[in-house]
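Encoded as structure tokens, the structure appears first; notes follow it.
A short reminder: the numbers here are calculations on the coordinates, not readings from a lab. In this text the structure is predicted, and so the values were computed from the model without any measurement. Note: ideal-geometry Cβ built from the backbone for every residue, glycine included; neighbour counts use all protein chains shown.
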Amino acid sequence: MTQLGKIYLAPGGMQLIVTKGGAGVLSDGDTPLLRADSGEKFPAETPAGAAALQLGKRYKSADGAVEVLINKPGTCDLRYDGQSMEIKDAKPLPSSD
């Protein structure tokens, strides 16, 4: 389960915080992300995804059930329940005629 407000870590050093939680699993390709407060570590040979995720970018699952915010950049093939997550576009600001 992907919990709201929890920080998750990827093998490539990327770190994110969940801004909208759901029942599925966040992963870097086939490797499930670890919760930062779990005390667990990735084995040394764990491969990291190739995509570079940038600080401050938001991503959402294909169904919109889960949203995350990158709070430490790094490499990761970010997925939710096996499906790639997509970058969330910023909301346009209202015009101030």
Residue-count net charge about residue 2 - beta-carbon cut-off 13 Å; Lys, Arg +1, Asp, Glu -1 = +2
Rounded to one decimal in nm, the spacing of the 7 Å Cα→Cβ label points at residue 69 and residue 83 is 2.5
Based on Cβ point charges of +1 for Lys and Arg and -1 for Asp and Glu, what charge dipole magnitude is obtained for the chain about its Cα centre, in debye rounded to the nearest 20?
-> 280
Net charge near residue 18: determine it from the other residues with C-beta under 12 Å of the C-beta of residue 18, scoring Lys and Arg +1 and Asp and Glu -1.
-> +4
Average Cα contact separation per residue, the chain, under 8 Å, 6 or more apart, as relative contact order % | 32
Does the chain come out rounded, prolate or oblate, given a ≥ b ≥ c as the square roots of the eigenvalues of its C-alpha gyration tensor, rounded meaning a/c under 1.5 and, failing that, prolate meaning a/b above b/c?
-> prolate
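Restricting to the stretch 3-97, compute how many DSSP beta bridges are antiparallel as a %, nearest 5.
95
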Per-residue ³J(HN,Hα) for the stretch 36-45, Karplus 6.51 cos²θ - 1.76 cosθ + 1.60, θ = phi - 60°, Hz, x for Gly and Pro | 4, 8, 7, x, 7, 10, 6, x, 4, 8
